[in-house]
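Student: Below is a structure I'd like to ask you about.
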Amino acid sequence: MIAKFNYWREVKDYILITFGIFCYALGWAGFLIPNEITTGGVTGIAAIVQYGTGIPLQNTYIVINVILLIIALKIMGLKFCLKTIYGVFCLYIMLWLLQEVITESVVGDEPFMACILGAVLCGMGLGIVFVNNGSTGGTDIIAAIVNKYRDVTFGRMEMYCDIIIISSSYMIPDYTIQKVVFGYTTLVIVASALDFVVSRVRQSVQFLIFSAEYEKISDAIIKKAHRGVTVLDGTGWYSKKPAKVVVVVAKRRESVSIFRLVKAIDPKAFISQSAVIGAYGEGFDKIKVK
């Protein structure tokens, strides 16, 4: 049963990673590339090197990713690197295919609109890839490594790396200030969209469940929802009778399942649900402080 569950989870991860990479590639091929809008990442570094030295973009891209993957293999483990290798290869194929299909900007001669829409697609795509334990390589690897040990969001870490990359585009001959500004605008939007997706998916909620059937409810949540349960002693102040309070912290996406479990056992149960700013420990995010 556990093996089947893990197998399906891996398949689901790869499906969602592929969809996220498609969104990211579409943002590039349909909006950013046709309008020659620069942004960060290893692709940005490779483009700058090509413009300045003539070294082909793909050569620089491969060399940088190989170095980063070697580092990531030691720090993040083989599982992360396998999905990263898949992500890099998948992104390469999708960028190639989409550029063959899309020969001009989707929004025509509207570079600012292309900047916004392309950045939103790229940010959402990266967010979907990250929350499913994947990566598109490059500065994504740096962001994932830093996020593992420090409480720095993916979007913020990406922004730090990309500011340096975009700023260096000033060295490219005949590169206009307008394109550089579009690059910074794209950077901010990508980071914001990325953080929105990641925080939305990882958001946790807390349940306080008041019911005479607290034992059955607690067992059902542990066995079927696979979440830990704490039962607290309480007192109903109006009735002056002792009561039990079931406390559960879960992912937001699991809320409906928990409500259904409680309703099936005790339709008259009183439930309080509240948003949790952060949940750390087993089953949630790791504590990342010195």
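Student: Just name the residue that is farthest from residue 206 (Cα to Cα) out of those in the stretch 260-273 that are assigned to a strand (DSSP E or B) and of a type outside the set (Val, Ile, Thr).
Tutor: Going through the qualifying residues, I end up with 270.
Student: Hey, another quick one. Mind checking whether some residue in the stretch 181-194 is open to solvent by 20 Å² or more (accessible area, probe 1.4 Å), modelled with pLDDT of 80 or more and not in a helix (DSSP H, G or I)?
Tutor: Within the stretch 181-194, not a single residue is open to solvent by 20 Å² or more (accessible area, probe 1.4 Å), modelled with pLDDT of 80 or more and not in a helix (DSSP H, G or I).
Student: Please enumerate the residues belonging to the stretch 218-259 that are in a helix (DSSP H, G or I), touching a helix residue (DSSP H, G or I) at 6+ places or on another chain (Cβ under 7 Å) and over 14 Å from residue 272 (Cβ atoms).
Tutor: Those that are in a helix (DSSP H, G or I), touching a helix residue (DSSP H, G or I) at 6+ places or on another chain (Cβ under 7 Å) and over 14 Å from residue 272 (Cβ atoms): 220, 221, 224, 225, 254, 257.
Student: Cβ contacts < 8 Å: first residue at pLDDT 90 or above, restricted to the stretch 221-247; second residue loosely packed, with under 13 Cβ neighbours inside 10 Å and of a type in the set (S, T, N, Q), any location; separation 6+ or different chain. Result?
Tutor: 241/235; 242/235; 243/235; 246/230; 247/230
Student: Another question, then. Of the numbered conditions (1) open to solvent by less than 60 Å² (accessible area, probe 1.4 Å); (2) of a type outside the set (D, E, K, R); (3) within 31 Å of the chain's Cα centre (by Cα), residue 256 fails exactly one; give the number of that condition.
Tutor: The single condition residue 256 does not satisfy is (1).
Student: Also, I was wondering about something else. Of all residues being of a type in the set (Gly, Ala, Ser) and either at pLDDT below 80 or more than 16 Å from residue 187 (Cα to Cα) (or both) in the stretch 1-37, which is surrounded by the fewest Cβ atoms within 10 Å (Cβ to Cβ)? Just the residue, please.
Tutor: 3
Student: Related question: Among what's in the stretch 205-217 and is out of contact with any helix residue (DSSP H, G or I) (no Cβ under 8 Å at 6 or more places or on another chain), of a type in the set (A, V, I, L, M, F, W, C) and not in a loop (DSSP other than H, G, I, E, B), pick the residue that is least open to solvent (accessible area, probe 1.4 Å).
Tutor: 208
Student: Please work out which one of (1) within 24 Å of residue 185 (Cα to Cα); (2) at pLDDT below 85 is the condition residue 96 fails and give its number.
Tutor: Just one mismatch for residue 96, condition (1).
Student: Could you say whether any residue in the stretch 43-51 is part of a helix (DSSP H, G or I), open to solvent by 60 Å² or more (accessible area, probe 1.4 Å), at pLDDT below 75 and within 19 Å of residue 182 (Cβ to Cβ)?
Tutor: yes
Student: Follow-up. Under 8 Å between Cβ atoms, which residue pairs at least 6 apart in sequence (or on different chains) link something in the stretch 159-179 that is assigned to a helix (DSSP H, G or I) with a partner that is aromatic (Phe, Trp, Tyr)?
Tutor: 163/184; 166/184; 169/175
Student: What's the number of the condition residue 67 fails, among (1) modelled with pLDDT under 75; (2) part of a helix (DSSP H, G or I); (3) farther than 18 Å from residue 27 by Cα?
Tutor: That leaves (1) as the condition not met.
Student: Any idea which of (1) out of contact with any strand residue (DSSP E or B) (no Cβ under 8 Å at 6 or more places or on another chain); (2) modelled with pLDDT of 90 or more is the one residue 200 doesn't satisfy?
Tutor: Among (1) out of contact with any strand residue (DSSP E or B) (no Cβ under 8 Å at 6 or more places or on another chain); (2) modelled with pLDDT of 90 or more, the lone unmet condition for residue 200 is (2).
Student: Filter the stretch 100-125 for residues that are assigned to a helix (DSSP H, G or I), among the aliphatic types (A, V, I, L, M) and over 11 Å from residue 186 (Cα atoms) and give the result.
Tutor: 101, 124
Student: Can you say whether residue 225 is over 18 Å from the mean Cα position of the chain (by Cα), open to solvent by 70 Å² or more (accessible area, probe 1.4 Å), more than 30 Å from residue 113 (Cα to Cα) and of a type in the set (Gly, Ala, Ser), as far as the supplied structure shows?
Tutor: no
The values are calculated or read from the model by the stated rules, or taken from the named source; none is laboratory data. The model shown is predicted, which means the values in this text are computed figures rather than measured ones. Quick reminder, even Gly has a Cβ in these numbers, built from the backbone with ideal geometry, and neighbours come from all protein chains shown. When the accessible area is computed, the model is the full protein with side chains, heavy atoms only, and any ligands, DNA or RNA have been set aside. Shrake-Rupley method; radii C 1.70, N 1.55, O 1.52, S 1.80 Å.
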